[in-house]
Amino acid sequence: MARQRKVAYRKRYQNRFSMFLVSLVVLMILILVQAGSVALQRKIDARAAEIAQLEAQIAAEKARALEIEAFGKEVQTKGYIEKVAREKLGLVYEDEILFKRQE
């Protein structure tokens with residue numbers, strides 16, 4: 001009977017030790033998974049910020065493209081051509097009289 005108690009005690013001790021090791025391994029796996037999860041979440045947040053920045057750039061470039069298109073249409077008008085010719089080139093019509101200011 002004493003021998004059976006020793007065997008039962010050893011088995012119980014081995015079972016507890018095995019459970020402790022299994023629990024320790026599971027805990028270590030959980031810690032590693034959590035650390036990986038945190039790292040991935042940081043990457044996701046960084047990518048989301050980058051996406052937001054790129055979308056803002058896209059919107060700005062689309063607005064700029066519309067402005068350039070509107071300016072291109074304006075440049076082709078007769079009024080704009082006359083304005084540039086008068087201001088930058090100093091040109092006038094043949095029958096036009098030009099008055100100059102004295103400074």
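So the values come out like this:
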quantity: LYS62 vs. criteria more than 28 Å from the chain's Cα centre (by Cα) and open to solvent by 70 Å² or more (accessible area, probe 1.4 Å); calculated: no
quantity: Any hit, the stretch 76-93, residues being open to solvent by 100 Å² or more (accessible area, probe 1.4 Å) and of a type in the set (Asp, Glu); calculated: yes
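The values are calculated or read from the model by the stated rules, or taken from the named source; none is laboratory data. In this text, all values refer to a predicted model and were calculated from it rather than measured experimentally. Accessible surface is based on the protein model in full, side chains and every heavy atom, while ligands, DNA and RNA are left aside. Shrake-Rupley method; radii C 1.70, N 1.55, O 1.52, S 1.80 Å.
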